[in-house]
Amino acid sequence: MADEKTDPDGAPWAPWSKAYAATRSARHSLLVGVGNPGLMESIANHSTADAAIVGTNLVYARVHQLGSEDGDIPARPYLGLSGENRREIEALVVDGLEGLLQ
């Protein structure tokens, strides 16, 4: 997952700008921290019987997901459901409902 560099639907993320890339070394990577925990390592989840919450408390997470308001940083969505994820969830719900109806 750390090396996919795509949004939940599989579209590739925009690369770093040339100026920003010049500040990075070979060990740096989008969403993966060097020294400090990166965005990927900060993602947490909590679920109850009727809800699931996934997110992070890092300040810059919103910019990665949605892009910056001024457009200088493109969106690189990392949270969401792919088509396959949706189908898997639907199958789980249907199986659960069928189990209740039997």
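Which residues make up the longest stretch of the chain clear of trypsin sites (Lys or Arg not before Pro) that lie in a DSSP loop with no more than 12 other Cβ atoms within 10 Å, not counting the sites?
On the way: sites that count: 24, 27.
Longest gap between qualifying sites, sites excluded: 28-102.
I'm spelling it out carefully: the read-out is Kirkwood radius over Cα pairs in Å, the candidates are (i) 19.6; (ii) 16.0; (iii) 14.7, and one was derived from this structure. Which label?
It is the value labelled (ii).
Could you sort 29, 47 by accessible area so the largest value comes first, with the probe set to 1.4 Å?
Details: 29 45, 47 80 Å².
Largest accessible area first, the residues go 47, 29.
If you place +1 on the Cβ of every Lys and Arg, -1 on the Cβ of every Asp and Glu, and leave all else neutral, what size is the dipole of the chain about its Cα centre, to the nearest 20 Debye?
On the way: 8 positive and 14 negative charges, 121 e Å.
Value, rounded to 20: 580 debye.
Between 52, 91, 61, where does the largest GNM mean-square fluctuation fall for the chain, given springs only between Cα atoms within less than 10 Å?
Comparing 52, 91, 61 in a Gaussian network model of the chain, the most mobile one is 52.
To the nearest 10 degrees, how steep is helix 83-101 against the longest Cα principal axis of the chain, on a 0 to 90 scale?
Compared with the principal axis, the helix lies near 20 degrees.
Ordering 6, 23 by accessible area with a probe of 1.4 Å, largest first, what comes out? Write out the running numbers ahead of the final one.
Numbers: 6 40, 23 80 Å².
Output order, biggest surface exposure first: 23, 6.
Given the rule -39500 (n - 2.57) for each run of at least 4 DSSP H residues, summed and divided by the residues of the chain, what is its mean residue ellipticity at 222 nm, to the nearest 500 deg cm²/dmol?
Values: 4 runs with 33 residues, N = 102.
For the chain, the value works out to -9000 deg cm²/dmol.
Considering only protein heavy atoms, what is the solvent-accessible area of residue 78 at a probe of 1.4 Å, reported in Å² to the nearest 10?
30 Å²
Across every pair of different alpha-carbon atoms, what Kirkwood hydrodynamic radius in Å does the stretch 49-102 reach?
13.9 Å
Taking amide H atoms as placed 1.01 Å from N in the peptide plane, list the residues 5 or more away in sequence, or in a different chain, whose amide H sits under 5 Å from that of residue 6.
Residues meeting the criterion, in which the H sits 1.01 Å from N, are 13.
Ranked highest first by the average count of other Cβ atoms within 10 Å around their residues, in what order do 95-101, 70-76 fall?
Working: 95-101: 8.6, 70-76: 13.3.
Highest mean packing first, the order is 70-76, 95-101.
Counting only protein chains, not ligands or nucleic acids, how are 17, 82 ordered by accessible area (probe 1.4 Å), most first?
Values: 17 65, 82 20 Å².
The ordering from most to least exposed comes out as 17, 82.
For the chain, what is the relative contact order in percent, using Cα pairs closer than 8 Å and at least 6 residues apart in sequence? Intermediate results must be reported in sequence, preceding the final value.
Working: 90 pairs, mean separation 26.9, N = 102.
26 percent.
Within the stretch 5-84, which GluC sites (Glu not before Pro) sit in a loop by DSSP and count at most 13 neighbouring Cβ atoms inside 10 Å?
The qualifying sites are 69.
The values are calculated or read from the model by the stated rules, or taken from the named source; none is laboratory data. On a predicted model such as this, the values are computed, not experimentally measured, just so you know. When we count neighbours, we look across all protein chains shown, and the Cβ atoms used for this are built from the backbone with ideal geometry, even at glycine. The protein model used for the area step is the full one, side chains on, heavy atoms only, and it has no ligands, DNA or RNA in it. Shrake-Rupley method; radii C 1.70, N 1.55, O 1.52, S 1.80 Å.
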